[in-house]
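Encoded as structure tokens, the structure appears first; notes follow it.
Please treat every number below as a calculation from the coordinates, not as lab data. Only a predicted model underlies this, so the values are computations on that prediction, with no experimental measurement involved. Using ideal geometry, Cβ is built from the backbone for each residue, glycine included, and neighbour counts are taken over all protein chains shown.
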Amino acid sequence: MEKLSRDDAWTLLKEYTVTPALRKHALAVETVMRRFAKLNNDDEEVWGVAGLLHDLDYEKYPEEHCKKATEIMRLRGIDEVYIRAMNCHGYGICTEEKPETMLEKTLYTVDELTGLINALCLMRPSKSVLDLEVKSVKKKFKDKSFASGVNRGTIRNGCEMMGMELDDVIRETIEGMKENAQAIGLKGIL
């Protein structure tokens, strides 16, 4: 496998993604992926870069999400590990690439979950992930009208694929997001 450096991945992301909220989402997914890599005794850099690039084409090519990113990444000679992970995060939505590795299953799961947690943090008085608890996320997870664009089924399926309980995935996702709270815009007033 040919690794892609974090710096090169960030440069590539910035070329295709200019919206601050989308960049922050990419950073949130990256930091959570790094946390799960550590938990799985795997390569944090590879998992992080996969998280950083998962929505590479989303801003410029929303109708061709994942398809255009595959094209862009192949033209640049980016390793298939990253391309497969990126495609797997869209499984059942815009691709038929089923997550098989733990990296792929995790990316599939935490992409949606970080979106839910981000939305929840922004409506809290502290505007922060630093004081967020699992029970608060679970409450909003059950409320279908809150962050209605977040696919709860994907999160549940992903937890099953990962062989983890929803509470544990939520806890680790929160902890991952805390590690980069400032950069992802969720330090809030804390």
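Given the rule -39500 (n - 2.57) for each run of at least 4 DSSP H residues, summed and divided by the residues of the chain, what is its mean residue ellipticity at 222 nm, to the nearest 500 deg cm²/dmol?
Rounded to the nearest 500, it is -19000 deg cm²/dmol.
So what are the three principal axis dimensions of the range 1-66 from its Cα atoms, in whole Å, longest to shortest?
Answer, in whole Å and largest first: 35, 23, 20 Å.
What is the Cα centroid distance between the range 10-30 and the range 112-190, reported in whole angstrom?
Cα centroid of the range 10-30 versus Cα centroid of the range 112-190: 19 Å apart.
Could you work out the relative contact order of the chain, using alpha carbon pairs under 8 angstrom and six or more residues apart, expressed as a whole percent?
23
Taking the Cα centre as origin and putting +1 on Lys and Arg beta-carbons and -1 on Asp and Glu beta-carbons, what dipole magnitude results for the chain, to the nearest 20 debye?
My answer is approximately 900 debye.
Dipole of the range 6-178 (Lys/Arg Cβ +1, Asp/Glu Cβ -1, origin at the Cα centre): which of 107, 137, 72 lies farthest to the positive side?
Checked the options; the winner is 137.
Residue farthest toward the positive end of the dipole of the range 74-156, with Cβ of Lys/Arg at +1 and Asp/Glu at -1: which of 91, 118, 154?
It is 118.
For the chain, what mean projected area does the convex hull of the alpha carbons give, in nm²?
Across all orientations, the chain yields a mean hull projection of 9.9 nm².
Can you tell me the alpha carbon radius of gyration of the range 109-190 divided by the globular rule-of-thumb value 2.2 N^0.38 Å?
Rounded to two decimals, the normalised Rg is 1.02.
Who wins for biggest fluctuation among 149, 90, 51 in a Gaussian network model of the chain, springs between alpha carbons below 10 Å?
149
Can you list the HN-Hα couplings for the range 141-156, worked out from phi with the Karplus curve (6.51, -1.76, 1.60; θ = phi - 60°), rounded to whole Hz and with x for Gly and Pro?
Rounded to whole hertz, the list is 4, 6, 7, 4, 7, 7, 6, 4, x, 7, 7, 5, x, 4, 5, 4.
Which GluC sites (Glu not before Pro) does the range 1-90 hold that lie in a coil by DSSP with at most 16 other beta carbons within 10 Å?
Passing sites in the range 1-90 are 2, 59.
Once the other residues with Cβ under 13 Å from the Cβ of residue 171 are scored (Lys, Arg +1; Asp, Glu -1), what is the net sum?
-2
Is the shape of the range 75-120 best called rounded, prolate or oblate, per the rule: a/c under 1.5 gives rounded, else a/b larger than b/c gives prolate, else oblate, with a ≥ b ≥ c the square roots of the Cα gyration tensor eigenvalues?
prolate
Quick one: which of 24/60; 24/178; 60/187; 68/98; 3/187 span more than 20 angstrom between C-alpha atoms?
60/187; 3/187, as the Cα separations exceed 20 Å there.
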